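As structure tokens, the structure follows; a few thoughts come after it.
Just so you know, all these numbers are worked out from the coordinates, no wet-lab data involved. Predicted, not measured: the structure shown is a model, and the values here were computed from it. Because the Cβ atoms are built from the backbone with ideal geometry, glycine has one as well, and the counts that use them run over all protein chains shown.
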Amino acid sequence: MHPPTISIVTPSYNQAQYLEECIESVLGQGYPNLEYVIMDGGSTDGSVEIIRKYEKHLTYWQSQPDGGQYQAITEGFRHTTGEIMAWLNSDDKYHPLALAKAACIFSNHPHIRWLTGRMSYWDADGNLDSISANLPIFSRSKNLEGNFNKPYVQQESTFWHRSLWEQSRGGLSTSFDLAGDFELWMRFFRHDSLFTADTLLGGYRYHGDQRGIAHADAYQQEARNIVVRELEVREGQILPLPPAPVSLSRGRLAAFIAENGIAPEMPSLRSCWRHYTENLIGLTNVQAREKRLELEQFFQNEIMLFGLVKPSAIALMADRLEELKELSRRIDEMNRQGEEYAAQGCYEGALVLFRKAFEIAPSCPRTAVNLVTCLWRYGEREAALNQLVPLLAAHSHDRGAVLAAAEILQCCHARQQALMVCEEYLTINPHDDDVRSIWARLAER
């Protein structure tokens, strides 16, 4: 069997300090059907020497004035034929197995035409710095409401089918200096939904010299102008709900790798991932030390996937992962029992369990919501309101927290505050009918 061909374009200009890591993160995937194009804008900082070092592995490369990043990317893709497409900026990196993961998901889900992963970030030195605790919700209607930045689609983690590229008139617009990626996503959204995979694909490197950071206000203004344009073509178009997240199991990915002759390199053999295992261990240790359970299931699965390229990683993190898993089981059971007590009206017994669970793992939103709700219904109103403030500060985008807050604030005749809580949540998930219904009732008063 042969896996689908993947075409990657890297635009580059005077970023030699990051370029080699970027290139290695593509070539180190060991993906056999890869077309890799580098479009350098005429760098004078040693970038060309780095590109020449890898040119035998490249489908095409050039170094000359190119009319800017978006024109370079479009021209780069003209040198490719791959079924799956993506671009990776020269200061960003892919995670190990990113291409195998993307190809596996597309191959097993033919209805998916574009895909993004769980958001992640590298620091300036290329270490895996953080992983988003929540899977974002993306949709055309959310963007049209102006909430395109909560959060932005992470370009480094996004792959798409060539059929979608061609249907969307192929190419990035040069009418926008900064938001050309957003303009492309909006054209994609006209034709298909964006799927989110609960796995690591690419990451954005924070080094303080990105155009997107330096010109954030200008980017947002361009994005707003694009939204205005898109509203003009919206009439009569059905705007689908965002699809459910896509999962990827170790067994399925392992079979796909074996069947298609994918031979990813051991991460420690590439400078771009030299400290990757240690980074994952560090992030897992933080989760366990701080008793944070939001990413427990994600880490369990992601480490198993990473074990396909570094089997020892599973053993290295086994104790911490088991600690997180056991803590999650314990907190879930305490919440389940407490919820049963509360449903029977036994609030005193429920409070004992919720308080104990909160003391053990205060960052768990389910526990915090249960504690506030139970305090309120048991009549400890002052204590409930005191707990409500930190609950909203920590979990304003958690559905349970928003529903609990709306109920309590309405009982306190704090309509405006309840309205604001609902409005903030709807910027993240405008498709929640229950919260939108509450918001609509509050807005009518």
Practice task
Wrap a convex hull around the Cα atoms of region 334-444, take a quarter of its surface area, and give that in square nanometres.
Solution key: 6.6 nm²
Exercise for the section: Let me know the Rg and Dmax you get for region 6-232 when you use only its Cα atoms, in Å. Expected result: 16.5, 48
Handout entry: trypsin sites (Lys or Arg not before Pro) restricted to DSSP loop in region 46-90 with at most 14 other C-beta within 10 Å
Key = Arg78
Practice task
Between Tyr204, Tyr378, Tyr31, find the one with the highest GNM mean-square fluctuation for the chain; connect C-alpha pairs within less than 10 Å.
Solution key: Tyr378
Practice task
Among the lysines, select those whose C-alpha is under 16 Å from the C-alpha of Lys325, and discard any that sit fewer than 8 residues away in the same chain.
Solution key: Lys291
Problem - Inter-centroid distance (Cα atoms) of region 215-257 relative to region 260-320, Å - result: 28 Å
Handout entry: 30 Å Cα-Cα threshold exceeded, pairs from Lys150/Lys310; Lys310/Lys356; Lys53/Lys310; Lys53/Lys150
Key = Lys150/Lys310; Lys310/Lys356; Lys53/Lys150
Problem - Dipole in debye (nearest 20) - the chain, about Cα centre, beta carbon charges: Lys, Arg +1; Asp, Glu -1 - result: 740 debye
Problem - Directionally averaged shadow of the chain, computed from the convex hull of its alpha-carbon atoms, nm² - result: 22.6 nm²
Exercise for the section: Compute the long axis of helix 16-27 from its Cα atoms, compare it with the longest principal axis of the Cα atoms of the chain, and write down the angle in degrees, 0 to 90, nearest 10. Expected result: 90 degrees
Problem - Most mobile listed residue (Pro11, Pro267, Pro151) in the chain, GNM with C-alpha springs under 10 Å - result: Pro151
Exercise for the section: Would you mind telling me the antiparallel percentage of the DSSP bridges in the chain, rounded to 5? Expected result: 30 percent
Practice task
Would you work out which of His191, Ile23, Tyr378 lies farthest towards the positive end of the dipole of the chain? Charges go on Cβ: Lys and Arg +1, Asp and Glu -1.
Solution key: Tyr378
Fill in the blank from the handout: Relative to the chain, whose Cα atoms define the longest principal axis, helix 296-306 and its Cα axis are tilted in degrees, nearest 10, by 20 degrees
Completion exercise
Rounded to the nearest Å, the spacing of the alpha-carbon centers of region 333-383 and region 38-100 is 54 Å
Fill in the blank from the handout: In a Gaussian network model of the chain with springs linking alpha carbons closer than 10 Å, the residue among Asp432, Asp181, Asp40 that fluctuates most is Asp432
